[in-house]
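Notes follow the structure.
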Amino acid sequence: MVLTRILTVIFALAAAHGVEPAIAEDWPTHPLTLIVPWAAGGGTDVMGRIVARRMSEILGQEVMVENISGAGGMIGSSHAAKSAPDGYTFVFGSRSDAINMTLYKRPTYSLQNDLAPVVLVAEQPTVLVARKDFPADRLQDFIAHVKGNPGAMRMGSAGIGATGFVDCAIFNGMIGINVQAIPYRGSGPAMQDLIGHQFDYMCTIAGSAAAPLQSDLIKGIAVFRRERLSSLPNVPTADEQGTQFEASTWFGFFVPKATPVAIIKKLHDATVAAMETPWVQEQLAKNATYVVPPEHRSTEYFEKIIGPEIEKNAAPLNAAGMSID
């Protein structure tokens, strides 16, 4: 802990004076840790491991994935923000981080002040799924059933603050329903309980729903996107079922704020090279994930959207009166 604080001060002073530490020239010289702030087995975890595997080959050092879940991703991101700014620890942040800045009255880190964007990696739409024996197949029938049985319905989520939790809360409010919410420590554990019929439905990123849907373990009600997903061709969109509602989640890499620019550049370039690898794109596509287009891959672009993303996600949260102490 003492060493971490000392390194933080050293790198902060170097950055303030425009001096890049000499270590940046040889980086990386040992394995890196990618923090995935969600439980193992979920869509974010799978995505992170796909990209990390290719990055290990490009960097010549292993990129180890560490799952630090809880509080809608806040525990893992907070851990990354407090790590030494040497490029050896980075976090797979997402729209959940932007949500946390408003949802929590006292977030344990600042997305804008404690973490530095590296590169935007991918995007996944939100999917509404239900237990396999749910007595409705189409969205309008689903809405009618939930409205008719609000006291008996239970909604699961990857955790309070997770994008699926927020999207379902907004969707529920839009259609005028209020049901019991059951938060988990990630989409992986939540999905296992949905498969086991422990609750009725959930909204989750498409990557978490793809494998269970493809294996016919759960029921796909709607994709919150204008076009159907190629990996889930049998799940209709909300729009084609007469309900206009869209929701998706972006994902990208962040490092501690004082990380040298030269290291951020190397990490950025290695990530983009991994994203451009056909094998990576194929695996992500199977996981219902879309790599962001080239014009959205610069560090500068990612930096510019963070503030607006926090504001954009704050609007529905404030309107719904959603907040956590």
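Laboratory data are not the source of any read-out in this text; all were calculated from the coordinates shown. No experiment lies behind these values; they were computed from the predicted model shown. Cβ sites come from the backbone with ideal geometry, for glycine too, and all protein chains shown count toward neighbours.
Before moving on, here are some points about what is shown:
- Mean separation of Cα pairs under 8 Å and 6 or more residues apart, divided by the residue count, gives the range 125-241 a relative contact order of 39 percent.
- With all pairs of different C-alpha atoms in the average, the Kirkwood value for the hydrodynamic radius of the chain is 20.1 Å.
- At R0 = 45 Å, FRET efficiency that the Cβ-Cβ distance of N113 and N234 yields, to 0.05: 0.50
- Remark: the range 278-287, residue by residue, has Karplus-estimated 3J(HN,Hα) of x, 4, 5, 5, 5, 5, 5, 4, 5, 9 Hz, where x stands for each Gly or Pro and the curve is 6.51 cos²θ - 1.76 cosθ + 1.60 at θ = phi - 60°.
- Helix-only mean residue ellipticity at 222 nm for the chain, each DSSP H run of n ≥ 4 adding -39500 (n - 2.57), per residue, nearest 500: -13500 deg cm²/dmol
- Gain in span if fully extended, E276 to T29, counting 0.36 nm per residue against the direct Cα distance: 86.5 nm
- The eigenvalues of the Cα gyration tensor, multiplied by 5 and square-rooted, give the range 125-241 an equivalent ellipsoid with semi-axes of 18, 17, 14 Å from largest to smallest.
- Sequence-distant residues sharing a close amide H with R154 (under 5 Å, placed H): D200, Y201
- Distant-in-sequence amide H partners of V119 (H built 1.01 Å from N, under 5 Å): F253
- Applying 0.36 nm per residue to the separation of A152 and A181 and subtracting their alpha-carbon distance, the gain on full extension is 9.3 nm.
- Look at where the Cα atoms of the range 250-273 and of the range 102-174 average out, and the two centres are 28 Å apart.
- Seen against the Cα atoms of the chain and their longest principal axis, helix 139-148 is set at about 70 degrees.
- Highest to lowest packing among 65-78, 296-309, 109-122, scored as the average C-beta count within 10 Å: 65-78, 109-122, 296-309
- Cross-link pairs exceeding 32 Å between alpha carbons, from the set K132/K312; K219/K265; K147/K286; K266/K312; K219/K257; K105/K304: K132/K312; K219/K265; K147/K286; K219/K257.
- Seen against the Cα atoms of the chain and their longest principal axis, helix 43-59 is set at about 30 degrees.
- The packing ranking of peptides 213-224, 239-250, highest mean first, is 213-224, 239-250, where packing means the average number of other beta carbon atoms within 10 angstrom of each residue.
- Local electrostatic count, L229, Cβ distance below 14 Å [Lys/Arg +1, Asp/Glu -1]: -1
- Average silhouette area of the range 224-268, convex hull of alpha-carbon atoms, in square nanometres: 5.0
- The protection proxy used here, the mean number of other Cβ atoms lying within 10 Å of each residue, ranks peptides 199-211, 262-274 as follows, highest first: 199-211, 262-274.
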